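Report on one structure; see the data block that follows.
Please treat every number below as a calculation from the coordinates, not as lab data. Owing to the predicted nature of the structure, the values given are computational and were not obtained by experimental measurement. Quick reminder, even Gly has a Cβ in these numbers, built from the backbone with ideal geometry, and neighbours come from all protein chains shown.
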Amino acid sequence: MALPLRNEAPGTARPSRPAPNAASEAAPDLAEKALAVHRRLCPVYGCPIPYFHALDPVSELVSSLLSHRTRNADSGRAFKRLRALFPDWEAVIAAPTPEIEAAIAGVTWPELKAPRIQAVLAAVAERAGSLDLGFLAGMEVEAARAWLQAIPGIGPKTSAAVLSFSTLRMPALPVDSHHHRVAQRLGLIGPKVDVGPAHPILRAQLPADWSAQDLYDNHEVLMLHGQKVCHFRNPACTRCVLADICPSARTG
């Protein structure tokens, strides 16, 4: 069930189109604010933050696809069930799709994610020559992300997650819905900037020489702040350490 993609060598990346509203350099005031946010949140959430996964890149890819709009506990259980039921990812590709759907039934939209996971894995195997993404470590971050995003079903968040969260430990910045919400309320991105286009904007606001750990910490502290304080509904602004620099803060 391989996707109809042209054959390419593993190190060949298709050029990616620049995201709308993305800038190669951040405005100085926004870069300064992004650093201030990072420096305030790190003591609250305990930087450096330990990585929560030590998965190989292909396994991290599957984990990321499962996690979309799904609680971590539910996607984690689905991932473990896949690993328990199938000996390797090749077996997942070859399995009847209803079996994959049943195995991941605890996630949101299993009927969509099951065929997508199979198609993405098949496309990786076709383009890379095997189910091994270790070669991405030898590429620049943006080239590696472009290689991944050339596969239908892999977007900016997933490509960044594979590079950052997996054993590749590359300096990429994932942006999830919590991270995005906090950044938007702080004014780091505009009110109409969606999650995908937010990736290059938020990355450009941080130092170019930041390590993988630095960028991972930045993602984690903003995500945790969104989960624990800057809620989707009823944000706890009165106990927020960023309230004085947040244009959206409710002080009453």
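On a 0 to 90 degree scale, rounded to 10, what angle separates helix 156-165 from the longest Cα axis of the chain? Tilt relative to the chain: about 90 degrees. Taking a ≥ b ≥ c as the square roots of the Cα gyration tensor eigenvalues, segment 205-252 comes out prolate, since a/c reaches at least 1.5 and a/b is larger than b/c.
Between residue 238 and residue 169, what FRET efficiency follows from the Cβ-Cβ distance if R0 is 41 Å, with the result rounded to 0.05?
After rounding, the FRET efficiency stands at 0.65.
Looking at segment 48-88, which chymotrypsin sites (Phe, Trp or Tyr not before Pro) are DSSP coil and have at most 11 other C-beta atoms within 10 Å of their C-beta? Filter output for segment 48-88: 52.
P(r) tail, segment 149-252: Cα-Cα pairs separated by more than 21 Å, 36% of all pairs. Dividing the Cα radius of gyration of the chain by its Kirkwood radius returns 0.98 for Rg/Rh. Annotation: extensible slack from residue 210 through residue 36 equals 61.1 nm (criterion: 0.36 nm per residue apart, minus Cα-Cα distance).
From least to most packed, judged by other beta carbons within 10 angstrom and beginning with the fewest, 35, 41, 222 follow the order 35, 41, 222. Once the chain from residue 71 to residue 248 is taken as fully extended at 0.36 nm per residue, the excess over their C-alpha distance is 61.1 nm. Think of it this way: in the chain, 230, 237, 240, 246 stand alone, with no other Cys Cβ under 4.7 Å. Note on segment 112-210: percent of Cα-Cα distances in each 10 Å bin, starting at 0 and stopping at the bin with the largest distance, equals 15, 43, 30, 11, 1. Taking all Cα-Cα distances within segment 57-165, those exceeding 25 Å account for 15%.
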